[in-house]
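My questions will all concern the structure given below.
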Amino acid sequence: MPSRPLENGGRGLEIAGATPLSTDQHFKDALSVSTNSIQSLAESLSELELPQVRAAILESNDRCNLVNPEGMHRAKDVYDILPPETLDHILTCLDRGALFNCVTLSKQWSRRVIPHLWRSPWMSYYNAWVKLVRTLAITSEKTHHVILQQHPSEPTLSERDDSQSPCLPSTVTGAKTSPYSQFVLLLDFSSLYYIVSDAFLSQLLSFTPNLSEIVVNSPKQFSDDSLLLLGKCCPQLRKLELPGCTRITDKGFFFILDHCSHLVSIGLSNGTRISDRSIQKMAHMFSGQLQSFNVSNAALVTGLDPGLTTLAIWCRNLVSVNMANCQLVRDPLLGHFSDSLLELNIAHCLEVTDKGMVALAEACPRLRVLDMTACSLVTDQGVYTIGQSCQGLRRLVLDDRYGRVTEEVLVQFPSWGKEVLQRRRELGWKSGSSRV
């Protein structure tokens, strides 16, 4: 059940001071929506071989729907039946609308659901993000004791009128509030390039100490200053995706490497100014933990420099590597990867030949996804070797016309079919796509 952003400018996050539902009908409506969402999820759990969990959820839904007309008394609900770990897993699959309805059910539901509701805030308007920053500042443990001493109407971050103030009555009256800043784990700005800037992030990142993932795509005002702040404020960072961030350099990336020791996934695709020096340092520092690396379309990274080779030799736990459109990637490099590699994109690496395919097949027999678009020097021999050695292959992406690969070798692997063997045009991507 995919998560969808709220269409109301992010007001679904402003729930700290929300009052409990006071009428039976409202309670029934909220309960019905929430339990229906959980029931839909329960039906899908049958495919995961969890019949006992599924039965418990369905049984709980039947009990939850029995509401006394004279009051709101009811039997045990899902919260009382399922283990906390199972309940948390279910909540991660619900969209924000369902999560908000769960918050209104009871105090115990609210305490359990609020961290999930705040895990990945997303709004499409800048003003909504400004309100979010104010809310985080007010409820942050670092500023909470200061805010309570101020007049409720006094601005904290910038001058504002009452219509722009977040709805936080419990905070300004001194009541206990949840430390929302502790709950923010993911910031996805992949489609919000018009919002991201160094100035904006200088306020937001100060209140996200537990941030583990950030995605920033092609902003015009994102530079090394943001990387320096990210390294200082977010030491728990595990996933860093910066496609199209053309203003970042080795200086900022070095700082991230020195201060964020938990990184397992790094994406630096599409024109970043990161050079081979950064890749070498990253490979040495994160050799035992790096799992995913994307350096496609990086103009300053080539196969002749030692960076990619160092990455392949040192990082033995790599699962996914994307070096599409990296110049001068040659056959010996492919033989250095470990057998942990499952996904590889070498699209438009024009100097890869059958020898590289043989080396790759020997080094990575567990390979599942291979994109070799425009590898025009690869022939039937290379594809046949991959097919024989990598029997778990789930997707092989070739040119629209297969290049020098003929139908004769492809028919020798009937199990591939259309689900495995894909042409670039069928995928609907551009020839220079950086996706695996």
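Taken together, the values in this text are just the output of simple stated rules run on the coordinates, not laboratory data. This structure is a prediction, so every number in the text was calculated from the model and none was measured. For neighbour counting, all protein chains shown are included, and Cβ atoms are generated from backbone atoms with ideal geometry for every residue, glycine included.
Say R0 is 45 Å: what FRET efficiency, to the nearest 0.05, do Gln388 and Lys232 get from their beta-carbon distance?
0.35
Okay, moving on. So if each residue of separation counts as 0.36 nm, and I subtract the Cα-Cα distance between Glu85 and Ser124, what length gain in nm does that give?
Length gained, Glu85 through Ser124: 10.9 nm.
Taking the Cβ of Pro219 as the centre, find all other residues whose Cβ is under 14 Å away and add up their charges (Lys, Arg: +1; Asp, Glu: -1).
-3
Counting only other residues whose beta carbon sits under 10 Å from that of Gly267, what net charge do I get with K and R as +1, D and E as -1?
0
When the label point is put 7 Å from the Cα of Ser415 along its Cα-to-beta-carbon vector, which residues of the range 331-374 have a backbone N closer than 17 Å?
365-370, by backbone N distance to the label point.
Can you tell me the FRET efficiency between Gln221 and Thr92 if r is taken as the Cβ-Cβ distance and R0 is 35 Å, rounded to the nearest 0.05?
Calculated transfer efficiency: 0.60.
Same structure, new question: Could you line up Phe255, Phe293, Phe337 from fewest to most neighbouring Cβ atoms inside 10 Å?
Phe255, Phe337, Phe293
Using Cβ counts within 10 Å as a stand-in for footprinting exposure, how do Val329, Val358, Val411 rank, fewest first?
Working: Val329 24, Val358 18, Val411 9.
Lowest count first: Val411, Val358, Val329.
Can you sort His262, His116, His348, His336 from fewest to most other Cβ atoms within 10 Å of each residue's own Cβ? It would help to have the intermediate numbers written out before the result.
Working: His262 12, His116 20, His348 23, His336 16.
Sorted ascending by nearby Cβ count, the order is His262, His336, His116, His348.
Quick check: pseudo-label points 7 Å beyond the Cα along Cα→Cβ at Ser261 and Ser191, how many nm apart are they?
Computed distance between label sites Ser261 and Ser191 equals 3.8 nm.
For the range 235-366, just say rounded, prolate or oblate: build the C-alpha gyration tensor, square-root its eigenvalues into a ≥ b ≥ c, call rounded for a/c under 1.5, and beyond that prolate if a/b exceeds b/c, oblate if not.
oblate
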